[in-house]
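Structure, as structure tokens:
The values are calculated or read from the model by the stated rules, or taken from the named source; none is laboratory data. Nothing here was measured: the structure is a model prediction, and the numbers come from that model. All Cβ positions, glycine included, derive from the backbone under ideal geometry; neighbour counts span all protein chains shown.
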Amino acid sequence: MAPHRLLPLAFAFAACAAGAETSPYYLGVAQSLTHDSNLLRTRDGEAPPDGRSRSDTVSNTSLVAGIDQPISRQRLHGSATVSATRYRDNDDFDGTTYALDLGLDWETAGRLSGELSTQAARTLRQDVRTAEGDALSQANYENSRQADFVARLGSVTPLTFELGAGVKAVDYSADSMAFREYRQRHALAGLRWRPGGSTSFGLGVRRTHSEYPHLFAGLLADPEDRRDRDAVDFSIGWAPGGSSSLDLRLSRARTRHEVLDYRDFSATSGALVWKWDPGGRTRMDLRLARDEGQDSEVQTSVFSRTTDSLRLQVQHELTGKVALDARVLLFRRTLRGSPLAIDVAEGRDSGSHVGLGARWQATRGLTLACDASRERRGSNSDARLSSAYHATVLGCSAQLVLQ
């Protein structure tokens, strides 16, 4: 997802935090203007499709709203962003996008607690390609829906039991992207032990079932593929001091496919997260991870096997109203699949995302911000799975919120 599509959501989050100080509700408008040097993520050395401009200037006009309301022992929270997007050159991409989320943190008079959440989003996705590796010639919207439920027993005791479940669905408006659509559901069970002090341990199991209803459309008699992933997760949380915390997760998982079982594999994944907040003007987050399949924060495809990533984000408040944000993401992916169901393709690629942003809280309700980012992906050893590209995105936004 291109960064300019995230700006309104980032502002909505900032507005929610500000609004929570005075009122449980907020309502506002936002305007962003962004230039993207490679809107379609066209391959290096490749011309854009006929009639298309490689670069474009994009205008987003958004309505934002949110709520953060305690209700007895419960807390209802949510946000909504609806944007009208206009493109200067590729104007047939003009359309409406949105991002909605609603959650309920609940607690009983006993030792039961948990969360219920749901999200829905519609986003323009021109940065993906067809199964044949061709750039898209039409507007392509990604529609995603997700719901999750978690219940805990013993949240105020040293030992906590947890049960959870969730569902997710992703669809695309372009027919040529149907092979990427999927349905997913998962269930989990685990326990967490806090022996005292600043240390906690967790152990859990998770099962994820994914269905790709059109993965092999036009290639096999039955176009659907199904995938099951069983995982055991172990985690440690440690806060050695008031200014920093460490979280470690290790997972051992086995993935099995119903069709083309050459894609079956077992792997170990995990993540190490360090957060540093000394209570002053600077905060830092560092994450080192190996993720499997489509679980990575890096955009992946149905053929992604593992993704190694290193992410660093630093936030610094110059004054009470001006803040800077710097971020770096480095990644390396292993992909294995058969885009045309003919033979097996396997390869690696790597890339990076670098960004720098500034935000000015002009008044309690008015926020101005600018952001610059550079995105790069190197060539894959098998070009059928991915290709090299680079893009630069520059943008500025303003948001006015009533509380």
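For R229, indicate whether it is within 19 Å of A289 (Cα to Cα), surrounded by 14 or more Cβ atoms within 10 Å (Cβ to Cβ) and touching a helix residue (DSSP H, G or I) at 6+ places or on another chain (Cβ under 9 Å). Considered against the rule, which asks whether it is within 19 Å of A289 (Cα to Cα), surrounded by 14 or more Cβ atoms within 10 Å (Cβ to Cβ) and touching a helix residue (DSSP H, G or I) at 6+ places or on another chain (Cβ under 9 Å), R229 comes out as yes.
Note on the stretch 139-164: residues that are touching a residue at least 40 places away in the same chain (Cβ under 8 Å) and part of a loop (DSSP other than H, G, I, E, B) total 5.
Here the condition is being closer than 30 Å to Y141 by Cβ, part of a strand (DSSP E or B) and hydrophobic (A, V, I, L, M, F, W, C); of V205, V232, V259, V167, it holds for V167 alone.
Filtered by the rule that a residue be outside any strand (DSSP E or B) and crowded, with 16+ Cβ neighbours inside 10 Å, the stretch 174-192 gives A174, S176, M177, A178, F179, R180, E181. When the test is whether a residue is assigned to a strand (DSSP E or B), in contact with a strand residue (DSSP E or B) (Cβ under 8 Å, 6 or more places away or on another chain), modelled with pLDDT under 75 and surrounded by 17 or more Cβ atoms within 10 Å (Cβ to Cβ), R336 passes it.
Pairing residues of the stretch 242-262 that are of a type in the set (S, T, Y) with residues that are exposed (fewer than 14 other Cβ atoms within 10 Å of the Cβ) and assigned to a loop (DSSP other than H, G, I, E, B), at Cβ distances under 6 Å and at least 6 apart in sequence or on separate chains, gives S243/P278; Y262/V344. Criterion applied to G357, G395, G320 was being at pLDDT 85 or above, over 30 Å from H214 (Cα atoms) and part of a loop (DSSP other than H, G, I, E, B), and the one residue passing it is G320.
Kindly check whether there is at least one residue in the stretch 265-286 that is in a strand (DSSP E or B), loosely packed, with under 15 Cβ neighbours inside 10 Å and basic (K, R). Scanning the stretch 265-286 turns up no residue that is in a strand (DSSP E or B), loosely packed, with under 15 Cβ neighbours inside 10 Å and basic (K, R).
Just wondering, is there one or more residues in the stretch 25-35 that are small (G, A, S) and either at pLDDT below 85 or out of contact with any helix residue (DSSP H, G or I) (no Cβ under 9 Å at 6 or more places or on another chain) (or both)? The answer is no; no qualifying residue exists.
Would it be correct to say that T118 is within 27 Å of N60 (Cα to Cα), touching a residue at least 24 places away in the same chain (Cβ under 8 Å) and either surrounded by 18 or more Cβ atoms within 10 Å (Cβ to Cβ) or acidic (D, E) (or both)? No, not satisfied.
Go through the stretch 234-245 and give me each residue that's surrounded by fewer than 16 Cβ atoms within 10 Å (Cβ to Cβ) and at pLDDT 95 or above. Those that are surrounded by fewer than 16 Cβ atoms within 10 Å (Cβ to Cβ) and at pLDDT 95 or above: F234, I236. The listed residues are T96, T42, and the only one of them that is among the polar types (S, T, N, Q) and surrounded by 16 or more Cβ atoms within 10 Å (Cβ to Cβ) turns out to be T42. Restricting A65, A84, A47 to those that are on the phi < 0 side of the Ramachandran plot, of a type in the set (A, V, I, L, M) and not in a strand (DSSP E or B) reduces the list to A47. Residues that are farther than 26 Å from L39 by Cα and β-branched (V, I, T) were ranked within the stretch 93-127; the one that is modelled with the lowest pLDDT is T108.
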